[in-house]
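Here's the structure we're looking at; comments come further down.
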C-alpha cells in the first residue's frame, strides 16, 4: 500500500471521544509505509511522531525535561564513575508478549537481541517452543531462549522443563492491559504450532 494510493484503513483507527495513545493510527500507518517502501525518510517521520511525547504529554517521561549540568551549576560526573553501556544494557528486559499474539519471527528476534546484549526477553503467557529453550548440543544456552518465563492463570505452555530453563520465573496475577477481562487470542491465530506450544486445541 502506497501512501498516496489508498486510505490508511486497518484495525487501528481513531475513535470519536477516544483516548490519545502514543501508538496511534498515524504512527502505525507511518511505520508500515516506511517498512513497505524501504524509506529511511518515512521512518524518520515515524520516529518524530513517537519521540514527540513532550509536546503531547502522553507519558510521565514526556513531562520531564533533561537539564544539563552546565544549566544547574553542578559538576559533570566523571565517566569512570558511571556504569559502562555494556553493563547498563544487561538491566534491559522486553515486555511480555506472547508467541501467538506476535509472530515466531518477532518473538525470536526479541530473544536473540536481548541475549546478544546480556538483557532478558520475556515469553509472555503463551509459552515457548522447546527447541528454543533447550540447551545447545555443546551445553551452551540457545540464542533464541527467553530468559524470563511467564506463568499466567491459563498456564499456557507451562511445564517443569519450561520453568527450569528460565533465569527468572514471572507469575502474572492480572492482565494489566485488559483488567477484569484477561488476554484473549482470536481463534484463527491458534494454528497447530501455537496450539502445540500452549497445550491447547487449534482454532
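Values quoted throughout were computed directly from the atomic coordinates according to the rules given, and no laboratory measurement underlies them. From a predicted model like this one, the values you see are computed outputs, not experimental measurements. Because the Cβ atoms are built from the backbone with ideal geometry, glycine has one as well, and the counts that use them run over all protein chains shown.
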Inset, instruction - Arrange the peptides 91-97, 115-121 so that the one whose residues have, on average, the most other Cβ atoms within 10 Å appears first. - result: 115-121, 91-97
Legend entry - Label assignment, P(r) over Cα pairs in 5 Å bins from 0, in percent derived from the structure, set (i) 1, 7, 13, 16, 15, 13, 10, 8, 6, 4, 3, 2, 1, 1, 0, 0; (ii) 1, 7, 16, 20, 22, 18, 11, 4, 1, 0; (iii) 1, 6, 10, 12, 15, 15, 14, 12, 8, 4, 2, 1, 0: (iii)
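Quick one: 33, 188, fewest Cβ neighbours within 10 Å first, how do they rank? Kindly include the intermediate steps, with their values, before the conclusion.
Working: 33 18, 188 7.
Going from sparsest to densest Cβ surroundings: 188, 33.
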Inset, instruction - Would you look at the GNM of the chain, springs on alpha carbons closer than 10 Å, and say which of 130, 69, 55 moves the most? - result: 55
Inset, instruction - Mind giving me the nanometre distance, one decimal, between the label points for residue 168 and residue 117, set 7 Å out from Cα along Cα→Cβ? - result: 1.4 nm
Inset, instruction - Could you rank the peptides 100-111, 159-170, 79-90 by their average count of other C-beta atoms within 10 Å per residue, with the highest value first? - result: 100-111, 159-170, 79-90
Legend entry - Descending principal axes extents, the range 83-198, alpha-carbon based, whole Å: 43, 33, 25
Inset, instruction - Find the centroid of the Cα atoms in the range 91-128 and in the range 29-84, then give the distance between the two in whole Å. - result: 23 Å
Inset, instruction - Under a 10 Å cutoff between Cα atoms, tell me which one of 146, 98, 52 has the largest fluctuation in the Gaussian network model of the chain. - result: 52
Legend entry - Computed helical MRE - 222 nm, the chain, DSSP H runs ≥ 4 contributing -39500 (n - 2.57), nearest 500: -8500 deg cm²/dmol
